[in-house]
Amino acid sequence: MGQIPGTSLSAYEQIRNRYMELAGIRGFDVSPKDRGYIMELLSYDIDIEKALSWLEECFAEFNPKHSRDKINSFGYCLPKILDHHFAEKEADKNGQKVY
């Protein structure tokens, strides 16, 4: 997915790039499975800034069990991001503020 100079990155590209950076993935793209997970996330129409923040939180809160333990798939992050999103929607519906 080439980018024309001067244009902004798509939501997919922003999430993919941040995930690759956080996960230490080298190369130009994620696996087909991870691509599908990111596309699924985008189908929920979550604010991109919130999605990126929750993605970063997912990595920050990850507690490795040993030196080789790491997040190997966006599939690990997807339910955590969705949990935040739906908790926020529920709080908004009930007139509560989520921090």
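Please treat every number below as a calculation from the coordinates, not as lab data. The structure presented is a predicted model; accordingly, all values stated were derived computationally and were not measured. With ideal geometry, Cβ positions are generated from the backbone for all residues, glycine too; neighbour counts draw on all protein chains shown.
Brief remarks follow.
- Helix-only mean residue ellipticity at 222 nm for the chain, each DSSP H run of n ≥ 4 adding -39500 (n - 2.57), per residue, nearest 500: -19500 deg cm²/dmol
- Farthest positive-ward along the chain dipole, Cα basis, beta-carbon charges - from Asn63, Ala11, Gln96: Asn63
- Cα-projected label distance for Lys93 with Tyr44, points at 7 Å along beta-carbon direction, nm: 1.4 nm
- Cα-based Rg and Dmax for the stretch 11-93, where Dmax is the largest Cα-Cα distance (Å): 12.8, 42
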